[in-house]
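The following block contains the structure, expressed as structure tokens.
The values are calculated or read from the model by the stated rules, or taken from the named source; none is laboratory data. For clarity, every value in this text was computed on a predicted model and none was experimentally measured. Because the Cβ atoms are built from the backbone with ideal geometry, glycine has one as well, and the counts that use them run over all protein chains shown. To get the accessible areas, we keep the full protein, side chains included, count just its heavy atoms, and leave off ligands, DNA and RNA. Shrake-Rupley method; radii C 1.70, N 1.55, O 1.52, S 1.80 Å.
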Amino acid sequence: MSSLFSENLMIILQRNCIGQKFAMLELKVMLTKIIQNFLIHPVTKREDLVFKADLILRTVDPIKMKFFMR
């Protein structure tokens, strides 16, 4: 009986929620619009970046950017 439950649980966990795909698509469209309409320049210098090895490689402090209209 417990193996039947665990098999069904694995099937349920593999499916994504419908809203997740829609949200990712919305995010990609908005990011595309920002890149199309603005020039993006970093304020933080490359020498000032300090990286931290976590699950992914990321910076300790945020990277600051300036946005200029095209």
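Would you point out the residue of region 37-50, among those that are surrounded by fewer than 10 Cβ atoms within 10 Å (Cβ to Cβ) and out of contact with any strand residue (DSSP E or B) (no Cβ under 6 Å at 6 or more places or on another chain), that is farthest from Phe68 (Cα to Cα)?
Val50
Sticking with this structure for a sec: Could you please find all residues in region 13-39 being at pLDDT 95 or above and more than 16 Å from the chain's Cα centre (by Cα)?
Lys33, Gln36, Asn37, Phe38, Leu39
Still on this structure, I have one more. Give me the residue from region 19-36 that is among the basic types (Lys, Arg) and under 21 Å from Met65 (Cβ atoms) and, out of that set, most open to solvent (accessible area, probe 1.4 Å). Give the steps one after another, and end with the answer.
To start, the set of residues in region 19-36 that are among the basic types (Lys, Arg) comprises 21, 28, 33.
Restricting the remaining residues to those that are under 21 Å from Met65 (Cβ atoms) gives 28, 33.
Numbers: Lys28: 128, Lys33: 105 Å².
The selected residue is Lys28.
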